[in-house]
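Note sheet for the following structure.
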Amino acid sequence: MDLLNTLVDKGLRRELPTREEALAVLATSDDDLLDVVAAAGKVRRHWFGQRVKLNYLVNLKSGLCPEDCSYCSQRLGSKADILKYTWLKPDDASKAAAAGLAGGAKRVCLVASGRGPTDRDVDRVSDTIKAIKDQNEGVEVCACLGLLSDGQAERLREAGADAYNHNLNTSEETYGDITTTHTYADRVDTVQKAHAAGLSACSGLIAGMGERDEDLVDVVFELRALDADSVPVNFLIPFEGTPLAKEWNLTPQRCLRILAMVRFVCPDVEVRIAGGREVHLRSMQPLALHLANSIFLGDYLTSEGQAGQADLDMIADAGFEVEGTDQVTLPEHRRGGCGSEEAGGGCGSQEGGGVCGSAPAAAAAPAPETSSAGEARTDLVAVRRRGAGTDLAPNA
């Protein structure tokens, strides 16, 4: 297919595809899907080899958010039956992080619900960052605390943060349909603040909210223009009790096409399969590793992921290897400054909710018969009941 050959050549040269080419990837048929995956896989392997970076989420403060993001289980007015708790103490957060690091995670993503941190919140998170780094040599830390005020990114950097995550989520044109309590421009401003402070900028999207192909292409092109070091691709988890509870629009094939498009547009950045991969990719998750070079290990903010050991087995069985702490994520030309050697990560597993080692995982529910797109699949959404903020050991 001439389109795919062109996109591979452009990806190897870090050349931006045209909008028409990006849209054409999303419009390919299921019959051509393996060809699309193989082509994007060439670009992924060129820049990242067979390595898969593991990231681990610690939800520092869950629920009770004043923002009205329609996708979010922690939003104002959410009726989702999620965990709600206020700030974890630094030592508790560090213990939670240790479980993920023991499972092979290289980066810890510290996430807190809310519009944005107060200066006191920044002090809290700074103490948490120091506790994690003091107790875990070589760990990378990303903060995800919402909209930043002037000077806060610099303070997080001074405390030892390596990255800051703030997702754009969808296109500027449709952003007002998803959220009304802040703007698309507010999100862009926070990503730019993180970048300017010397933090690795991490920003991504949520697919499956009823957007058009044009919206997906618009937001990914904007992420490239912002020069994000890492791009988390979330697939909406339609939590009961949120406005988007009935938006079941994704198929595994659609998810793979979206990941391929992101890889072609952002060939040399860390593309992370984030929230919703277990729900929407299901048994086709291993194919997605040929497109993305990063995943979250274990659970997400308010939903449970598959068992951490299952993730590790999947990576090995698919012929990939876990990236070690002694390995640099980003290609050499992206290192230095915001693309420092510890860059290329960030949190942002919004998993349809959020701002953005030990115990075995809960047994997965038996898979029901396949349903058509748009039909609710509440059986696939497992609300998180373990890990940080609970008395149960985390899944890592």
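The values are calculated or read from the model by the stated rules, or taken from the named source; none is laboratory data. Treat the numbers as computed from the prediction; the structure is a model and nothing was measured. When we count neighbours, we look across all protein chains shown, and the Cβ atoms used for this are built from the backbone with ideal geometry, even at glycine.
Some values worked out for this structure:
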quantity: Some residue of the range 247-257 being within 17 Å of the chain's Cα centre (by Cα), among the aliphatic types (A, V, I, L, M), surrounded by 21 or more Cβ atoms within 10 Å (Cβ to Cβ) and part of a helix (DSSP H, G or I); calculated: yes
quantity: Selection within the range 147-167 - crowded, with 24+ Cβ neighbours inside 10 Å and assigned to a loop (DSSP other than H, G, I, E, B); calculated: Leu148, Ala161, Asp162, His166, Asn167
quantity: Residue in the range 108-137 that is surrounded by the fewest Cβ atoms within 10 Å (Cβ to Cβ), counting only those that are part of a loop (DSSP other than H, G, I, E, B) and in contact with an Asp or Glu (Cβ under 8 Å, 6 or more places away or on another chain); calculated: Arg115
quantity: Hey, Leu83 of a type in the set (A, V, I, L, M, F, W, C), modelled with pLDDT of 95 or more and assigned to a loop (DSSP other than H, G, I, E, B) or not; calculated: no
quantity: Residue within the range 269-284 that is surrounded by fewer than 21 Cβ atoms within 10 Å (Cβ to Cβ), farther than 19 Å from Asn167 by Cα and of a type in the set (Val, Ile, Thr) present; calculated: no
quantity: Of all residues in the range 221-246 being of a type in the set (A, V, I, L, M) and more than 26 Å from Asp35 (Cα to Cα), the one that is surrounded by the fewest Cβ atoms within 10 Å (Cβ to Cβ); calculated: Ala225
quantity: Number of the condition not met by Lys106 [criteria: (1) among the charged types (D, E, K, R); (2) in contact with a Cys (Cβ under 8 Å, 6 or more places away or on another chain); (3) within 29 Å of Gln309 (Cα to Cα)]; calculated: (2)
quantity: Unique match (being of a type outside the set (D, E, K, R), under 16 Å from Val58 (Cα atoms) and modelled with pLDDT of 95 or more) among Leu148, Leu110, Leu168, Leu156; calculated: Leu110
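Quick grid of which residues meet (1) part of a helix (DSSP H, G or I); (2) out of contact with any Cys (no Cβ under 9 Å at 6 or more places or on another chain); (3) not acidic (Asp, Glu):
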{"residue": "Leu4", "(1), (2), (3)": "yes, yes, yes"}
{"residue": "Asp9", "(1), (2), (3)": "yes, yes, no"}
{"residue": "Ala39", "(1), (2), (3)": "yes, yes, yes"}
{"residue": "Trp47", "(1), (2), (3)": "yes, yes, yes"}
{"residue": "Leu54", "(1), (2), (3)": "no, yes, yes"}
{"residue": "Lys61", "(1), (2), (3)": "no, yes, yes"}
{"residue": "Pro66", "(1), (2), (3)": "no, yes, yes"}
{"residue": "Gly77", "(1), (2), (3)": "no, yes, yes"}
